[in-house]
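See below for the structure under consideration.
The values are calculated or read from the model by the stated rules, or taken from the named source; none is laboratory data. Worth saying up front: this structure is predicted, and the values here are computed from it rather than measured. For neighbour counting, all protein chains shown are included, and Cβ atoms are generated from backbone atoms with ideal geometry for every residue, glycine included. The accessibility values were calculated without ligands, DNA or RNA, using every heavy atom of the protein model including side chains. Shrake-Rupley method; radii C 1.70, N 1.55, O 1.52, S 1.80 Å.
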Amino acid sequence: MKLTELQRVSYPETVAGAIAILSDEKCRAVAVGGGITFAFTPPNNVEEMVCLRRLPLNYIKKQGGAIHIGSTTPIADLVSSGVIKGYADGIIWETARRIGSTLNRNLITVGGNLVQPFIWSDLSTVALALGARIIIQDKSKIRELSAEEFFSLVPAKFLKPGSLVTEIIFPPFAKNARAAYEKFTLTEFDYAILKVAIVLARTGKVCREITIVVGGATVLPQRIREAEEILRGKTGSQILVNEASELASEELKLVRDIRSSEKYKRDLCRVQVRGILEKILLDQKVPEWKLF
Amino acid sequence: MEIVLTINEKESRVEVLGAETLLDLLRRLGYKSVKFGCGEGACGVCTVLMDGRPVNSCLILAVTADGRDIITVDDLGTIQKPHILQTSFVETGAVQCGFCTPGMILAAKALLDRNASPSEDEIKEALDGNLCRCTGYVQIIEAVQLAARRIRAKKKTGKKKVISKNTKKA
């Protein structure tokens, strides 16, 4: 039994109030969003839990084409949101819909999913692919980090005590842009073995800009830059798509995963990248089985 | 530590331990319809409604449930006067060992409270976190469809209309 030193649970109603408690070193306080991580692995050296659920950070707003999501918004609210479904070919909606089960999605918050990424976490992959920006507030300032900066290290490790992720902003999605996300799991709501998110901008069949992100291979999502490079500025063709997907599977960095071999994951990466590119660059109708 | 929460419409002031889960607390208080299954949010037998949403009570620390409104299946009906979902589960043969049934019924209730005409896919999605190892899912989905038809009929007529399990979908 852990949490033996827990003295208090507070429910601040303002972000400033939460930060004041979290940044007070004497409190030994920890922020709690959905709280799943703490139920699984209760920490030992915590005196105060700061529940974030009463903060005014549960929202989804569309502003000038960008989507602003408050960090305490449950994943289930992304699934039921028409704004999320209609943004970026529904890529965030599709990602959210496949995070855990309905019961889990009612508890998991957007902020928690970003700050404590595990190898199977989903939102981080799509946030990086879409070039999202993450807002972090502490006692003295509000910072805005690109997803690239935010996921350069495990956020829970570099965020100082008293720093709170308050919002994630997804940029406006261009009219000529396309996006898709594929996740491979053994059962419907199992943790992903591998997932791929691709966002590209096209003029006709010419790929003007592209971001390929693979999650589930390492704890943090990774850009597959060499594969992006051979597609950028080129006219899409099956040969090019095959070449890019081969390159992606070679370029992929992997950590050991008890559930599958390195060879299996590389093969999966190749198949998923190829399938998504066939769909959003070559406009082919790709049957679901072809993506697995 | 003391927390105050509402369980089945009754305010309760209880002492909880730091690492005690909501599931442990509810069972300690005698709500044995909330079952312990996997203990890691995968099976759904510990489902309760928290502020109207179905959640895994094994994934919630009791200390963080202060001020929450909790509903267990005990609040839905009695043997003498069962809830529409409970009669539908019995009539369609959706209950065998019964271990998953409280969670299934609460997940289905949350769905029908917000959508009285769910499609089969919507039912499957709403129940995706509740596992059954006895009946298979066909009868369970039929039970929710039957309950949905009965709830719609009740709303339409303003009183309970008898709809058998063989009545075609309205």
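Out of the residues in region B:57-80 that are part of a helix (DSSP H, G or I) and facing chain A (nearest Cβ under 9 Å), which is farthest from B:Lys109 (Cα to Cα)?
Taking the candidates together, the pick is B:Val63.
This table checks each residue for (1) within 11 Å of the chain's Cα centre (by Cα); (2) surrounded by fewer than 17 Cβ atoms within 10 Å (Cβ to Cβ); (3) in a helix (DSSP H, G or I); (4) not charged (D, E, K, R).
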| site | (1), (2), (3), (4) |
| --- | --- |
| B:Val55 | yes, no, no, yes |
| B:Pro82 | no, yes, no, yes |
| B:Ala94 | no, no, no, yes |
| B:Cys97 | no, yes, no, yes |
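Restricting attention to region A:29-60, the residues that are over 18 Å from B:Leu61 (Cα atoms) and either surrounded by fewer than 18 Cβ atoms within 10 Å (Cβ to Cβ) or within 11 Å of another protein chain (Cβ to nearest Cβ) (or both) total 3. If I filter region A:64-76 for residues that are in contact with a helix residue (DSSP H, G or I) (Cβ under 8 Å, 6 or more places away or on another chain), closer than 20 Å to A:Ala201 by Cα and buried (at least 22 other Cβ atoms within 10 Å of the Cβ), do I get at least one hit? Checked against the condition, which is being in contact with a helix residue (DSSP H, G or I) (Cβ under 8 Å, 6 or more places away or on another chain), closer than 20 Å to A:Ala201 by Cα and buried (at least 22 other Cβ atoms within 10 Å of the Cβ), region A:64-76 yields at least one hit. A:Val110 passes every criterion in (1) among the hydrophobic types (A, V, I, L, M, F, W, C); (2) free of Cβ contacts under 8 Å to residues at least 60 places away in the same chain; (3) within 14 Å of chain B (Cβ to nearest Cβ); (4) within 16 Å of A:Ile69 (Cβ to Cβ) apart from (3). Looking at this structure, is A:Ala18 within 13 Å of chain B (Cβ to nearest Cβ), touching a residue at least 60 places away in the same chain (Cβ under 8 Å) and either part of a strand (DSSP E or B) or farther than 30 Å from B:Cys43 by Cα (or both)? Taking the combined requirement at face value, the residue does not satisfy it. For region B:118-128, the set of residues classified as part of a loop (DSSP other than H, G, I, E, B) and either under 13 Å from A:Val79 (Cβ atoms) or open to solvent by 70 Å² or more (accessible area, probe 1.4 Å) (or both) consists of B:Asp128 only. Among the residues of region B:43-53, which ones are facing chain A (nearest Cβ under 7 Å) and open to solvent by 10 Å² or more (accessible area, probe 1.4 Å)? Selection gives B:Arg53 alone.
The C-beta contact set for region B:99-124 (first residue under 16 Å from B:Val45 (Cβ atoms), second residue surrounded by 14 or more Cβ atoms within 10 Å (Cβ to Cβ) and of a type in the set (Ser, Thr, Tyr), distance under 6 angstrom, 6+ apart or interchain) comprises B:Pro102/B:Ser33; B:Gly103/B:Thr47; B:Leu106/B:Thr47; B:Ala107/B:Thr47.
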